[in-house]
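Structure, as structure tokens:
The values are calculated or read from the model by the stated rules, or taken from the named source; none is laboratory data. Quick caveat: nothing in here was measured; it's all calculated off a predicted structure. All Cβ positions, even for glycine, are placed from backbone atoms using ideal geometry, and neighbour counts span all protein chains on display. We work out accessible area using only protein heavy atoms, side chains counted, and drop any ligands, DNA or RNA first. Shrake-Rupley method; radii C 1.70, N 1.55, O 1.52, S 1.80 Å.
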Amino acid sequence: MTVHKVGFLVGSLSKDSINRRLANALIPLAPDNLSFEEIPIKDLPLYNRDLDGDYPPPARALKEQVAGVDALLFVTPEYNRDIPGGLKNAIDWASRPWGQNSFSRKPSAVIGASPGNIGTAVAQQNLRSVLSFCDSPQMNAPEAYIKFTDGLITDDGTVTDAETEEFLRGFMANFGEFVTRVRAVIPPEE
């Protein structure tokens, strides 16, 4: 069995983020064909095209991490009906300069949690549009808009609701199958 390395990006910069908690819950629910490493975004300066010729070290590290994984999992909150600025900034750094897009041909999935009733539906749709432009094949189903309630996921990443745990396990199983299918057609570049 081939194990695919998945980089995950948490859209929230907060150390107490419910989306970080969700990300930590997803990893143990994933199938054995996926391994995970976080791609941190909190130390990135704002993207500036003037720096395309000489990326600052945090941006260079981000770009190398994205390039070094087989697939990407985005776990994002919704801010003002959109993706957080920090996540968009990270995508801008990793997709530039022109012709050196680290997201190109990398299978991806999007999930997010919010206390609101629509989860992160609008942010996810906007993120999907950005990822489409970045040439990242996306797992379009199942969609996962998690309404976060107190105690749903413990600090150590345990999902306390059996139905939610089953759904998240299924989401991750589908992601594992999706990554395998995409990588069979679009192998990583050597």
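Which percent of the accessible heavy-atom area of segment 118-162 goes to carbon and sulfur, probe 1.4 angstrom? Could the numbers behind the result be given before it?
Numbers: 1170 of 2240 Å².
Solvent-exposed carbon and sulfur of segment 118-162 make up 52 percent of the total.
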**Request:** Work out the length of the dipole vector of the chain about its Cα centre, built from +1 on the beta-carbon of each Lys and Arg and -1 on the beta-carbon of each Asp and Glu, and round it to the nearest 20 debye.
**Result:** 420
**Asked** lysines within cross-link reach of LYS106: Cα-Cα under 18 Å, excluding same-chain residues under 8 positions apart?
**Response** LYS5, LYS63, LYS88
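Which three numbers, in whole Å and largest first, are the semi-axes of the equivalent ellipsoid of segment 115-190 derived from its Cα gyration tensor as √(5λ)?
Values: eigenvalues 147, 59, 20 Å².
One finds semi-axes of 27, 17, 10 Å for segment 115-190.
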**Complete:** Helix 18-29 sits off the longest principal axis of the Cα atoms of the chain, rounded to the nearest 10 on a 0 to 90 degree scale, by 80
**Fill in**
Between the residues ILE91, LEU26, PRO115, the Cα farthest towards the positive end of the dipole of the chain, that dipole coming from +1 and -1 charges on the beta-carbon of Lys, Arg, Asp and Glu, is from ILE91
**Item:** Electrostatic dipole magnitude of segment 4-76 [Cβ: Lys, Arg +1; Asp, Glu -1; Cα centre; debye, to 20]
**Value:** 220
**Rounded to whole Å, sorted largest first: equivalent-ellipsoid semi-axes of the chain, Cα gyration tensor** = 26, 20, 14
**Fill in**
With N residues in segment 75-127, Rg(alpha-carbon) / (2.2 N^0.38 Å) equals 1.24
**Prompt:** Over segment 1-79, how many percent of alpha carbon pairs lie in each 10 Å bin up to the one with the longest distance?
**Reply:** 17, 43, 31, 9, 0
